[in-house]
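First the structure, in the form of structure tokens, and then the observations on it.
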Amino acid sequence: MENDLKKAIDLIVNSKYTVAFTGAGISVESGIPPFRGETGLWSKYNPEILDLTYFSINPVESWRVIKEIFYDFFGEAKPNDAHIALAELEKNGIVKAVITQNIDNLHYEAGSKEVYEFHGNSRMLVCQYCSKKYKATDVNLADIPLCDHCHAVLKPDFIFFGEGIPELAYKKSFEAAKNADLIIIIGSTGEVVPASSIPSFAKQNGAKIIEINPEKTLFTNSITDIFLQGKATEIMNKILIGIKQKL
Ligand code: NAD
């Protein structure tokens, strides 16, 4: 592990265009559980609430659960050392962009500027009819939220099952992956498509892949060059210290 860590630090310091690709795992130490697995959100809640058709037919039930998970609970979360390390590496000019599958806004809150939110963001709500957007904190979520313009039910501005990827985030993510000579994957199983194709696309274009995760994933034995087994905060803190010693 120490040897792999040194190799990873050298790769990062010598790279010209490092891009981070993050999944639910980077936010676990901020107190946000992943969806799947024994302690995942879907062991407690019905995933159908995030199905577009189910949501349209059952907006009251869907919103009650959505509020509990994504606003009462996610709303309290703060960025952890791994989010902050990525923001610092962007300030140093090393990380050029963060592509995230997360919808929790924590990369922005940590100070990252170039963030491509592949699945959208929970901090905004959108009207499904007129597309007017609202800050979730400006809306009373105790009642089912309605658009003040056309009175349609508002939806969180992240993608539900069956929805397409936001166009700009899709374009920017694949552009960044094409330019990347190094991708750092943090906390993603690689099971969610099409997001999981981004690191593979970068690899095909010659990028090296560093992966940080306590468990092996679909990436580990297929595209990963250096697997750093452990928690995101622990490994990113070590990487940051190693890089600072070299700069
Ligand atoms: P996933 O839920 O499929 O997998 C999470 C991964 O994180 C696992 O491989 C797990 O081993 C790893 N992990 C757990 N603890 C970790 C830690 N401390 N440090 C590093 N890694 C850790 O995640 P995914 O691949 O991102 O796919 C899940 C989907 O769910 C995504 O589409 C995402 O949008 C969504 N999601 C987002 C959030 C969020 O915004 N924080 C939370 C749950 C789910």
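Looking only at residues in the range 32-46 that are more than 10 Å from the ligand (Cβ to nearest atom) and within 14 Å of residue 69 (Cα to Cα), which one is most open to solvent (accessible area, probe 1.4 Å)? Can you show your working first?
If we filter the range 32-46 for residues that are more than 10 Å from the ligand (Cβ to nearest atom), which is where we start, we get 38, 43-46.
After this cut, where a residue has to be within 14 Å of residue 69 (Cα to Cα) as well, the list is 43-46.
Values: 43: 80, 44: 150, 45: 38, 46: 65 Å².
Among those that are more than 10 Å from the ligand (Cβ to nearest atom) and within 14 Å of residue 69 (Cα to Cα), it is 44.
Of all residues in the range 72-91, those satisfying the criterion of being within 13 Å of the ligand (Cβ to nearest atom), open to solvent by less than 10 Å² (accessible area, probe 1.4 Å) and within 14 Å of residue 241 (Cα to Cα) are 82, 85, 86. Across the range 193-214, the qualifying residues are those that are open to solvent by 10 Å² or more (accessible area, probe 1.4 Å) and in a strand (DSSP E or B), and the one among them that is farthest from residue 40 (Cα to Cα) is 208. Go through the residues of the range 126-149 one by one and say whether even a single one is over 30 Å from residue 9 (Cβ atoms), within 14 Å of the ligand (Cβ to nearest atom) and open to solvent by 30 Å² or more (accessible area, probe 1.4 Å). Within the range 126-149 (the criterion being over 30 Å from residue 9 (Cβ atoms), within 14 Å of the ligand (Cβ to nearest atom) and open to solvent by 30 Å² or more (accessible area, probe 1.4 Å)), the answer is no, since none of the residues qualifies.
Of the residues making up the range 173-192, those that are within 16 Å of the ligand (Cβ to nearest atom) and either assigned to a loop (DSSP other than H, G, I, E, B) or at pLDDT below 95 (or both) are 187, 188, 189, 190, 191, 192.
Cβ separations smaller than 6 Å between residues 6+ apart or across chains give the following pairs from the range 229-247 residues that are in contact (Cβ under 8 Å) with a residue 60 or more places away in the chain and assigned by TED's automatic domain parsing to the domain that holds residue 26 to residues that are outside any helix (DSSP H, G or I) and buried (at least 19 other Cβ atoms within 10 Å of the Cβ): 232/186; 232/187; 232/212; 233/80; 235/212; 235/228. When each of 22, 53, 18, 100 is tested for being of a type in the set (Val, Ile, Thr), more than 9 Å from the ligand (Cβ to nearest atom), in contact (Cβ under 8 Å) with a residue 24 or more places away in the chain and crowded, with 21+ Cβ neighbours inside 10 Å, the lone residue that passes is 18.
With 68, 38 as the choices, which residue is assigned to a loop (DSSP other than H, G, I, E, B) and without any contact (Cβ under 8 Å) to a residue 40 or more places away in the chain? Reasoning before the result, please.
Details: 68 fails: assigned to a loop (DSSP other than H, G, I, E, B).
Sole residue among the options that is assigned to a loop (DSSP other than H, G, I, E, B) and without any contact (Cβ under 8 Å) to a residue 40 or more places away in the chain: 38.
Any residue that is out of contact with any helix residue (DSSP H, G or I) (no Cβ under 9 Å at 6 or more places or on another chain) and in a loop (DSSP other than H, G, I, E, B) - is there at least one of those in the range 222-230? Even if it seems obvious, please write down each step before you answer.
So in the range 222-230, the residues out of contact with any helix residue (DSSP H, G or I) (no Cβ under 9 Å at 6 or more places or on another chain) come out as none.
Looking through the range 222-230, none of the residues is out of contact with any helix residue (DSSP H, G or I) (no Cβ under 9 Å at 6 or more places or on another chain) and in a loop (DSSP other than H, G, I, E, B).
Taking the stated definitions as given, is residue 161 open to solvent by 80 Å² or more (accessible area, probe 1.4 Å), within 20 Å of residue 35 (Cα to Cα) and within 13 Å of the ligand (Cβ to nearest atom)? For residue 161, the condition - open to solvent by 80 Å² or more (accessible area, probe 1.4 Å), within 20 Å of residue 35 (Cα to Cα) and within 13 Å of the ligand (Cβ to nearest atom) - is met. Here 109, 61 are screened, and the one residue that is modelled with pLDDT under 95 and open to solvent by 40 Å² or more (accessible area, probe 1.4 Å) is 61.
The values are calculated or read from the model by the stated rules, or taken from the named source; none is laboratory data. None of the values given here were measured: they were computed from a predicted structure. Here the Cβ is made from the backbone with ideal geometry for all residues, glycine too, and neighbour counts use every protein chain on show. Calculation scope for accessible area: heavy atoms of the full protein, side chains included, ligands and nucleic acids excluded. Shrake-Rupley method; radii C 1.70, N 1.55, O 1.52, S 1.80 Å.
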